[in-house]
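Quick notes on the structure that follows.
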Amino acid sequence: MSDELQRAMEAKGVQGAVDRYKELRREAEISGRYDFSSGMLGVSVFRLAEQGKLDDALILAQLAVEQNPAAADSYAAVGEVFAWSLGWLLLF
């Protein structure tokens, strides 16, 4: 799924990736095609952070919290992005 989100982001920016994620999630309720566990958005979040696109990474990290509010790793992703924005390198 991270490749799918990457293509959407390249074509339409971070909002395009958010929209595509929600579209895929709706479709997956029928097809079961993608894995929507909390860690899957984290792949895209960390890819963006590594590229220095911290604002975009934060948007996807917040989407992870919205979509997986019971998952600690969703909240950790938000914290990691903030740490990167301060110049700290934690888990990466």
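The values are calculated or read from the model by the stated rules, or taken from the named source; none is laboratory data. From a predicted model like this one, the values you see are computed outputs, not experimental measurements. Every residue, glycine among them, receives a Cβ derived from its backbone with ideal geometry; neighbour counts consider all protein chains shown. Ligands, DNA and RNA are stripped out before the accessible areas are found, and what is left, the full protein with its side chains, is counted by its heavy atoms. Shrake-Rupley method; radii C 1.70, N 1.55, O 1.52, S 1.80 Å.
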Query - Taking the C-alpha atoms of the stretch 1-47, convex hull volume expressed per residue in Å³ - result: 63
Query raised in the report: How much FRET efficiency would the formula 1/(1 + (r/R0)^6) give for R33 and E10, where r is the Cβ-Cβ distance and R0 is 35 Å, rounded to 0.05?
Result: 0.95
Query raised in the report: For the chain, what % of the accessible area comes from carbon and sulfur atoms, probe 1.4 Å?
Result: 54
Report summary line: Of all trypsin sites (Lys or Arg not before Pro) in the stretch 9-92, the ones in DSSP coil with at most 14 other Cβ atoms within 10 Å are R33
Requested in this report: Please work out the average accessible area per residue across the chain, using the 1.4 Å probe convention, and give it in Å².
Outcome: 58
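What number, in percent, do you get for the relative contact order of the stretch 44-92 if the mean sequence gap of Cα pairs under 8 Å and at least 6 apart is divided by its residue count?
32
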Report task. Using only Cα atoms, tell me the angle between helix 2-31 and the longest principal axis of the chain; keep it within 0 to 90° and round to the nearest 10. Result -> 40
Query - Chain lengthening between L86 and A70 when straightened (0.36 nm per residue, less Cα-Cα) - result: 3.1 nm
Report task. Before anything else, pin down the relative contact order of the chain: Cα pairs under 8 Å, at least 6 apart, normalised by residue count, whole percent. Result -> 23
